[in-house]
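A.B. asks: Okay, handing you the structure first.
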Amino acid sequence: MAVDTIARALALNKQGGGSGSSSIETIQVNGVTQSVVDGVVNISVPAKTSELTNDSGFQTSQQVQETLQDYVPLATYNQLLARVEAIESSLNQPNAAILMVEDTGGATT
């Protein structure tokens with residue numbers, strides 16, 4: 001349930017509106033009852049990915065770099081990294097697009 005939906009439900013409850021005669025007595029998030037302090041329920045929502053738990057094992061950029069360095073010669077790795085950084089910066093431009101083509105072993109541009 002979105003936070004704004006919860007806020008609207010609480011406002012209706014406070015005004016005595018809404019459907020039915022029941023009132024909200026407890027707010028839970030994932031089964032955990034939230035405390036009410038001075039009439040306010042503070043539900044913390046992560047704003048950064050660093051505040052989340054990586055329970056799926058996604059690799060960090062550092063781990064990817066370390067893995068690539070094990071398999072790609074350093075000079076090639078640095079060239080690849082420079083190209084990736086150039087692509088990233090170009091994506092900030094309006095109407096940016098990436099064209100990917102198969103490497104046929106021919107000449108590069």
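A.B. asks: What are the residues whose amide H is under 5 Å from the amide H of VAL29, where those residues sit 5 or more places off or on another chain and H is modelled from the backbone?
C.D. replies: Answer set, sorted by chain and number: GLN34.
A.B. asks: May I ask you to evaluate 6.51 cos²θ - 1.76 cosθ + 1.60, the Karplus curve with θ = phi - 60°, for each residue of segment 29-36 and list the ³J(HN,Hα) values in order in whole Hz, giving x for glycine and proline?
C.D. replies: Karplus values, whole Hz, x for Gly and Pro: 10, 6, x, 9, 5, 8, 7, 10.
Values in this text are rule-based calculations from the coordinates and carry no lab data. All values reported here derive from a predicted model rather than from experimental measurement.
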